[in-house]
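Here the structure comes first, spelled out in structure tokens, and everything after it is commentary.
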Amino acid sequence: MGESTLSVDYGALVKVIGNFVGYGRDSTKFDSKQSDDVEEILQSGYRQFLYPPPLPGSDRGHEWTFLKPVRTLSTVADTGDYDLPDDFGGIEGPLTFEPDEAFHSIRIVGEAWIREKRETTYATGGYTGRPTHAAVQVQRTDGSVGQRYKILFWPEPDSAYDLTYKYLALPGKLTSTLPYPYGGMAHAETLIESCLSVAESRLD
């Protein structure tokens, strides 16, 4: 299925922002400062759209359901730690097995709980089996890449399992080669207004 013709993409946002701030709609005629201005406004407006500030009387901003995709992780026997996606920002709820596997879901616990369990079981020869618990572990970064995460299982999987989980996605910037924003056509006008509010506040 093709993209909705009412969707707004990177190129459309550049035109709208450029026109709003008086640079015109043709980005090929922007000078370097104008191009930088429009790019900064666009990316800031996109961030504000994705993670809006709290409304008056509220202590948290709106959380979009489209930022919580579902993904599958496949385990390998005797391997307990797995890298999570680069855009991972947090896990939502438990991990579940395939429908034909009549197992209980995998409960999310604190990372220290997994380390303590492993310390105890490894001292007696280790333990593998169907995972019952998992924890998200933050990885150290030196600043050359963004923060990354791993997921740790206990016990370590004794076989291959396909596990489904929902997570909070951290989208990348919009570009001419990756032009479509999260939210799709239904939220096109909201994204435009977010970008224009940034333009208004920064360039008056």
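The values are calculated or read from the model by the stated rules, or taken from the named source; none is laboratory data. Values in this document were obtained by computation on a predicted structure and should not be read as measured data. All Cβ positions, glycine included, derive from the backbone under ideal geometry; neighbour counts span all protein chains shown. These accessible areas exclude ligands, DNA and RNA; they are computed on the full protein's heavy atoms, side chains included. Shrake-Rupley method; radii C 1.70, N 1.55, O 1.52, S 1.80 Å.
Odds and ends about this structure:
- Residue (of Gly143, Tyr122, Leu95) at the positive-pole extreme of the stretch 37-168, dipole from beta-carbon charges: Tyr122
- Probe 1.4 Å, protein heavy atoms only - accessible area per residue of the stretch 1-64 in square angstrom: 65
- Residues Lys117, Lys15, Lys173, ordered by accessible area of protein heavy atoms at a 1.4 angstrom probe radius and largest first, appear as Lys173, Lys15, Lys117.
- Under a Gaussian network description of the chain, with springs only between Cα atoms under 10 Å, the residue in Gly18, Gly129, Gly143 that fluctuates furthest is Gly143.
- When Ser74, Ser144, Ser194 are compared by accessible area of protein heavy atoms, the largest-first order is Ser144, Ser74, Ser194, using a 1.4 Å probe.
- Solvent-accessible area of the chain (1.4 angstrom probe, protein heavy atoms only): carbon and sulfur portion equals 50 percent.
- Most mobile listed residue (Gly22, Gly89, Gly183) in the chain, GNM with C-alpha springs under 10 Å: Gly22
- The stretch 1-68: proportion of alpha-carbon pairs further apart than 19 angstrom, %: 49
- The calculated FRET efficiency for the pair Gln43 and Asp158, based on their C-beta separation and a Förster distance of 45 Å, comes to about 0.50.
- Axis angle, to the nearest 10 degrees, between helix 32-50 and the longest C-alpha principal axis of the chain: 50 degrees.
- Cα-projected label distance for Gln34 with Tyr127, points at 7 Å along beta-carbon direction, nm: 6.7
- For Asp142 and Thr120, the difference between the fully extended length at 0.36 nm per residue and the C-alpha to C-alpha distance is 4.8 nm.
- The calculated FRET efficiency for Asp26 paired with Ala186, based on their beta-carbon distance and R0 = 35 Å, is about 0.80.
- Structure-derived percent of Cα pairs over 20 Å apart - corresponding label in (i) 59; (ii) 56; (iii) 66: (iii)
- The calculated Kirkwood hydrodynamic radius for the stretch 94-198 is 17.4 Å, given to one decimal from all distinct C-alpha pairs.
- Helix 111-122 vs. the chain, principal-axis angle (Cα, 0 to 90°, nearest 10): 30
- As a calculated quantity, the FRET efficiency between Ser176 and His62 at R0 = 41 Å, using C-beta atoms, amounts to about 0.90.
- Computed per residue of the chain from DSSP H runs no shorter than four, each worth -39500 (n - 2.57), the mean residue ellipticity at 222 nm is -9000 deg cm²/dmol.
- Lysine pairs meeting the criterion (Cα under 28 Å, 8 or more apart or interchain), as found in the chain: 12
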